[in-house]
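The values are calculated or read from the model by the stated rules, or taken from the named source; none is laboratory data. Bear in mind that the values here come from a model prediction, so they are computed numbers and not experimental data. Please note: Cβ atoms are built from the backbone with ideal geometry, for glycine as well, and neighbour counts cover all protein chains shown. Surface accessibility is based on the protein's heavy atoms, side chains included, excluding ligands, DNA and RNA. Shrake-Rupley method; radii C 1.70, N 1.55, O 1.52, S 1.80 Å.
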Amino acid sequence: MHVEFDRDTCIGMFQCTDEWAAFEENRDDGKADLAGGEETEPDVFVREVPDDAALDAEFAARTCPVDAIRLYDDDGERIV
């Protein structure tokens, strides 16, 4: 499972930071950061989700008010 975070779309509500510790508040930029994320294209960050964090990652994706967080299963199918 992996998560894809579109930081450009993020509006800095920081709801994801309450759900999964991999998301951190960046008050200077007014957006969240995805710790350990690799930038695969401008402002899009991807990282694997550890098995023990799958539920937290799903909650983070579901709480994002602008759908800046997308979650994919191991087959590449979008979950959230």
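If the elastic network links every pair of Cα atoms under 10 Å, which of Ala22, Ala54, Ala35 fluctuates the most in the Gaussian network model of the chain?
Answer for the Gaussian network model of the chain: Ala35.
Match the structure shown to one of the listed values (i) 1.98; (ii) 1.05; (iii) 0.97 of Cα Rg over 2.2 N^0.38 Å, computed from it, and give that label.
Computing Cα Rg over 2.2 N^0.38 Å and matching it to (i) 1.98; (ii) 1.05; (iii) 0.97 gives (iii).
On a 0 to 90 degree scale, rounded to 10, what angle separates helix 54-63 from the longest Cα axis of the chain?
50 degrees
Summing Lys, Arg as +1 and Asp, Glu as -1, what charge do residues with Cβ under 12 Å from the Cβ of Thr9 carry, Thr9 excluded? Present the calculation step by step, with values, prior to reporting the outcome.
Numbers: positive: Arg7, Lys31, Arg70; negative: Glu4, Asp6, Asp8, Asp43, Asp67.
Net local charge, Thr9 excluded: -2.
Leaving out ligands and nucleic acids, and using a 1.4 Å probe, what accessible area per residue does the chain come to in Å²?
Accessible area per residue: 59 Å².
With the cut-off at 1.5 for a/c, could you classify segment 5-49 from its C-alpha gyration tensor as rounded, prolate or oblate?
Numbers: a/c = 1.98, a/b = 1.19, b/c = 1.67.
Taking the square roots of the gyration eigenvalues as a ≥ b ≥ c, segment 5-49 is oblate.
With only Lys, Arg, Asp and Glu charged, each at its Cβ (+1 for the first two, -1 for the last two), find how big the charge dipole of segment 20-61 is about the Cα centre; round to the nearest 20 debye.
Around 120 debye, computed over segment 20-61.
How high is the relative contact order of the chain, in percent, counting Cα pairs under 8 Å that sit 6 or more residues apart?
About 40 percent, as a whole number.
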